[in-house]
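Report on the following structure.
The values are calculated or read from the model by the stated rules, or taken from the named source; none is laboratory data. Note that this is a predicted model, so its numbers are computed, not measured. Don't worry about glycine lacking a Cβ; one is built from the backbone with ideal geometry, like all the others, and counts go over all protein chains shown.
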Amino acid sequence: MDRLTYLYLKLQAITLLVLGRKRAALERFEAMQVLAPQNLYVMASRAHLRGELDDKQGAVEVLQEITRRNPDGSAGWFNLGYMLDDMGRHLEAEPAFRRALEAEPKMDRAWYGLALVLIRQRRFDEAIVALRKNTELQPMSPFGWYQLARVHVDRHEPEEAAKIIRHLHGFEPKVAAQLERETGLRVAQGS
């Protein structure tokens, strides 16, 4: 590999990204890939930019290559799951999120992503398990709590949703109020 050319292309790509020129930056990363075909950083950058440029299928193809080359890497599997889910390919996203969690069981984002694809499949029991793990790992993030309350409402368990809304009033009152509006549940604070 021509190390100097690689570094020059990398500097150009970073500069182009700072200037907001994503397509031109992607061209530099593509050229870097020719020089360093095994480089996971370059591949991940290409996948990210393809996704940003609305070439989601192209991003998926690069992410699939990343997971083939690095099957134990949680980031590649998570990003693949995220992109597949974003494309509406929920059944394919689920195993990608599960592989990310095999590699990194404490990846809260993967638990959340898994929960979302399970919710979309109306597999609420499994979604609750994933959301509980997400909220255990990220107790101050409202996203998992919000989805957990919504699942309890969908399962006709308003008392469980009310507990979560009450909990959210303690640190995310806007999210708690949003849930009250959306669900019709009115929860007295502190009760």
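Values for this structure:
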{"item": "Matching option when the condition is at pLDDT below 95 and more than 30 Å from N70 (Cβ to Cβ), among R186, R122, R181", "result": "R186"}
{"item": "Among residues of the range 56-73, those that are surrounded by fewer than 16 Cβ atoms within 10 Å (Cβ to Cβ) and assigned to a loop (DSSP other than H, G, I, E, B), counted", "result": "2"}
{"item": "In the range 75-104, the residues that are touching a residue at least 24 places away in the same chain (Cβ under 8 Å) and of a type in the set (K, R)", "result": "R99"}
{"item": "Residues located in the range 129-147, provided they are touching a helix residue (DSSP H, G or I) at 6+ places or on another chain (Cβ under 7 Å), touching a residue at least 24 places away in the same chain (Cβ under 8 Å) and of a type in the set (A, V, I, L, M, F, W, C)", "result": "L137, F143, W145"}
{"item": "Subset of the range 83-141 that is farther than 19 Å from V151 by Cα and of a type in the set (D, E, K, R) - its residue that is surrounded by the most Cβ atoms within 10 Å (Cβ to Cβ)", "result": "R99"}
{"item": "Sole residue being at pLDDT 95 or above, touching a Ser or Thr at 6+ places or on another chain (Cβ under 8 Å) and among the small types (G, A, S), chosen from A75, A127, A31, A110", "result": "A110"}
{"item": "Residue pairs meeting the criteria (Cβ under 7 Å; at least 6 apart or on separate chains; first touching a residue at least 24 places away in the same chain (Cβ under 8 Å), in the range 166-182; second surrounded by 13 or more Cβ atoms within 10 Å (Cβ to Cβ) and among the hydroxyl-bearing types (S, T, Y))", "result": "V175/Y146; L179/Y146"}
{"item": "Flag if S191 is among the small types (G, A, S), under 26 Å from M83 (Cβ atoms) and either modelled with pLDDT under 95 or surrounded by 14 or more Cβ atoms within 10 Å (Cβ to Cβ) (or both)", "result": "no"}
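Residue-by-condition table, conditions (1) farther than 27 Å from L84 by Cβ; (2) of a type in the set (K, R); (3) crowded, with 16+ Cβ neighbours inside 10 Å:
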| residue | (1), (2), (3) |
| --- | --- |
| Q12 | yes, no, yes |
| L16 | yes, no, yes |
| L26 | no, no, yes |
| F29 | no, no, yes |
| A36 | no, no, yes |
| Y41 | no, no, no |
| A44 | no, no, yes |
| L49 | no, no, yes |
